[in-house]
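Engineer: Before I ask anything, here is the structure I am working with.
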Amino acid sequence: MTSSGIQPRQDGSAALRLLRDGELTLEGRLVDASNATLRGVLTLDGASAHCVYKPVRGERPLWDFPDGTLAGREVAAYLVSRATGWDLVPPTVLRDGPFGPGSCQLWIDEPADAEPLVGFVPADALPPRWFPIAAARDDDGTPYALAHADDPRLARLAVLDAVINNADRKGGHVLVGPDDRIYGVDHGVSFHVEEKLRTVLWGWAGRQLPPDAVRMLDTLAGQVAGPLGEELAEHLTISEVTEVAARIDRLRDSGRFPLPPEEWPAVPWPPI
């Protein structure tokens with residue numbers, strides 16, 4: 001349950017109404033974020049919830065994302081996630097706020113006892129059913145491995161990232177919700193027309209997609225050609241929407257998770 005008592009999956013319509021129409025009061029800034037990222041409280045008709053508000057005016061210009069806004073890409077990622085039926089991205093809207101228009105996303109509270117699914121682990125103590133992704137060493141030279149769990153929830157997130165061309169899937173962008181669901185956040189650098197997939201979730205690279213992912217992609221292809229494509233066009237360029245459809249088709253044709261690229265770094269930095 002989120003801080004409001006509103007669960008993003010079970011009560012999605014209530015969450016969206018609160019995000020769109022609630023009074024937004026800011027609490028502070030998340031200082032580790034590279035762009036202006038503010039935590040706030042939304043209130044409406046006796047309901048309240050914490051949220052993350054990212055104003056467009058606080059975005060740093062990016063040479064490779066010159067069109068549209070990062071906030072719009074956050075909303076587009078939610079729209080695609082919702083269309084998959086997997087609900088991997090917390091409810092997100094574009095709305096006006098104290099610093100102008102920006103994305104507003106429901107805050108996900110991670111339980112204190114939530115089991116991490118991605119992280120650095122001692123190289124000689126890889127947990128069972130975990131995939132090693134990259135080798136590392138600490139300041140004392142002790143070997144570690146960047147790794148993630150072989151978890152079907154993460155596999156779904158890896159498929160979503162391939163569809164939206166997520167260039168920044170860090171371990172810290174994977175949250176475990178109090179309803180034992182996982183959520184992906186921070187999708188501002190997604191949907192580029194060129195391949196830019198950077199992720200820590202390479203454990204299934206080259207493997208066959210699970211049946212539920214194949215079925216989802218078949219359905220999603222039709223949605224992008226229809227109402228979903230129209231919704232995405234409000235936040236992305238026509239070329240970017242066209243490439244969403246093309247990536248879906250490539251995944252359907254191959255039937256496999258994508259392989260790490262050779263032309264650019266495959267893992268974002270920092271990875272966590």
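The values are calculated or read from the model by the stated rules, or taken from the named source; none is laboratory data. These figures come from a predicted structure and were not determined experimentally. Glycine also receives a Cβ, built like all others from the backbone with ideal geometry; neighbour counts cover every protein chain displayed. The accessibility values were calculated without ligands, DNA or RNA, using every heavy atom of the protein model including side chains. Shrake-Rupley method; radii C 1.70, N 1.55, O 1.52, S 1.80 Å.
Engineer: Considering each of 253, 212 in turn, give the residue that is open to solvent by 60 Å² or more (accessible area, probe 1.4 Å), among the acidic types (Asp, Glu) and assigned to a helix (DSSP H, G or I).
Structural biologist: That would be 253, the only listed residue that is open to solvent by 60 Å² or more (accessible area, probe 1.4 Å), among the acidic types (Asp, Glu) and assigned to a helix (DSSP H, G or I).
Engineer: Since residue 196 meets every condition but one in (1) touching a residue at least 24 places away in the same chain (Cβ under 8 Å); (2) in contact with an Asp or Glu (Cβ under 7 Å, 6 or more places away or on another chain), which condition does it not meet?
Structural biologist: (2)
Engineer: For segment 60-69, does any single residue satisfy the condition of being closer than 24 Å to residue 179 by Cβ, hydrophobic (A, V, I, L, M, F, W, C) and within 19 Å of the chain's Cα centre (by Cα)?
Structural biologist: no
Engineer: Restricting to segment 27-52, what's the tally of residues that are in a strand (DSSP E or B), open to solvent by 50 Å² or more (accessible area, probe 1.4 Å) and either modelled with pLDDT of 95 or more or farther than 28 Å from residue 268 by Cβ (or both)?
Structural biologist: So the count comes out to 2.
Engineer: Take residue 92 and tell me if it is under 24 Å from residue 209 (Cα atoms), crowded, with 19+ Cβ neighbours inside 10 Å and modelled with pLDDT of 95 or more.
Structural biologist: Numbers: under 24 Å from residue 209 (Cα atoms): no; crowded, with 19+ Cβ neighbours inside 10 Å: yes; modelled with pLDDT of 95 or more: yes.
Here the answer is no, as residue 92 does not meet what is asked.
Engineer: Now for a different question. Is it the case that residue 81 is under 21 Å from residue 182 (Cα atoms), modelled with pLDDT of 95 or more and either in a loop (DSSP other than H, G, I, E, B) or open to solvent by less than 50 Å² (accessible area, probe 1.4 Å) (or both)? Let's see the steps before the verdict.
Structural biologist: Values: under 21 Å from residue 182 (Cα atoms): yes; modelled with pLDDT of 95 or more: yes; either in a loop (DSSP other than H, G, I, E, B) or open to solvent by less than 50 Å² (accessible area, probe 1.4 Å) (or both): yes.
Yes.
Engineer: For residue 141, which of the numbered conditions (1) under 23 Å from the mean Cα position of the chain (by Cα); (2) outside any strand (DSSP E or B) fails to hold?
Structural biologist: For residue 141, the failing item is (1).
Engineer: Are there any pairs with C-beta distances below 6 angstrom linking a residue in segment 149-178 that is open to solvent by less than 10 Å² (accessible area, probe 1.4 Å) to a residue that is charged (D, E, K, R) and part of a strand (DSSP E or B), with the two at least 6 apart or on different chains, and if so which?
Structural biologist: Filtered contacts from segment 149-178: 161/169.
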